Amino acid sequence: MENPAPQIPAANSTLAIVSLIAGIVGWSLVPFFGSLVAVVTGHMAKKEIRETGLAGDGLATIGLVLGYTSIAMTLLGICMVVMAVAFGVGLPLCLIPFGGGSQFISLLFGL
């Protein structure tokens, strides 16, 4: 019996790898910027994979999910802060260094 030639796996898309790494970095070191890079390179990688047949579709998808999720969490946090300020809800622990949390601390500790 003859042994068939070994199959050489397709190379991963470099853009897909960059998207995954940027998605991880977007959650840790550079929150918003890393997430934007992950989303942009993820979409570019998906197009490149479709056109060339390279591997790495899963890497690009994970990069996109990490990027979009981080951006959504950032926007949700910004909306929460804006709504809290707009409706006069105090952000006691965040505003302590600026004197805004003094009433909360007085109430909490009976001062």
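Read-outs: derived from the displayed coordinates by stated rules, not from any lab. Note that this is a predicted model, so its numbers are computed, not measured. We place every Cβ from the backbone using ideal geometry, glycine too, and count neighbours over all the protein chains shown.
Taking 0.36 nm per intervening residue step and subtracting the Cα-Cα distance, what contour gain separates A86 from A55 on full extension?
Computed gain between A86 and A55 is 6.3 nm.
Got a sec? Which residues in the stretch 40-68 would a label at A10 touch, if it sits 7 Å along Cα→Cβ and we count backbone N under 11 Å?
In the stretch 40-68, the label zone of A10 (backbone N under 11 Å from the point 7 Å along Cα→Cβ) covers 48-58.
Can you list residues from other chains, or at least 5 along the same chain, whose modelled amide H is less than 5 Å from the amide H of S13?
Excluding prolines and chain starts, which carry no amide H, the hits are A55, G56.
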